[in-house]
Structures are given as structure tokens and as C-alpha cells.
Amino acid sequence: MYTVYILLSLKDKRTYTGHTKNFSNRLLAHNKGRVTATKHRLPFEVLYTEKHENLYAAKKRELYWKSGGGRRRLQKFFKDKFSTTF
């Protein structure tokens, strides 16, 4: 089982989207600064997660959330959490 996740940086109010097989370990790595792409934007809170049966489906869904349509949909869902666009 794979998890697609969207994190919100409490520092700059921007999002980070990824996928993993072990979400709790990955979230801990993000918040401890062990992920190069996010270590300068600590701390993070979980904005959204969804489960997928296989890696292919998880990667496909991650690409959707990173697309323009996916980002617009996130803004509609969580407009009160964002002070800037992402």
C-alpha cells in the first residue's frame, strides 16, 4: 500500500507533494530536516493523504496533485490555510 501525501509548510504556507510506502517514517524525516527538498521549510503539517494499491497509481495521482488542475482543486478545498498561492 502506498500513500500520496500533501504537506503544508508552516514557515512559508507552501505545499509539498510526494508518495511513500511508509508515511509515518517519511513525515518524521520531513520534520527532522532529513529531506533535502524540504529541510529549509520546517515544520510541516499533514494537509491531505490518500492510499493506493500500487506504485503506478500513487505516482499517477502525485502527478495530478502537482498539475495546475490539482493545485487549483487544493486551493478550493483548503483556501483558509493558504496565505500565498502554491
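Nothing in this text is a laboratory measurement; each read-out follows from the coordinates by a stated rule. A quick note: this is a predicted structure, and the numbers were derived from the prediction, not measured. Reconstructed Cβ throughout: ideal geometry from the backbone, glycine too, with neighbour counts over all protein chains shown.
Numbers below:
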quantity	calculated
Length-normalised contact order for the stretch 2-77 - Cα pairs under 8 Å, 6+ apart - percent	38 percent
Computed [θ] at 222 nm, helices only, for the chain once each DSSP H run of length n ≥ 4 contributes -39500 (n - 2.57)	-10500 deg cm²/dmol
Spacing of the two label points (7 Å from each Cα toward its C-beta) at Glu45 and Lys76, in nm	2.3 nm
Entries of Lys13/Lys59; Lys21/Lys79; Lys13/Lys66; Lys39/Lys60; Lys21/Lys60 with Cα pairs more than 22 Å apart	Lys13/Lys59; Lys21/Lys79; Lys39/Lys60
D (Stokes-Einstein, µm²/s), Kirkwood Cα radius, the chain, 1.306 mPa s at 10 °C	121 µm²/s
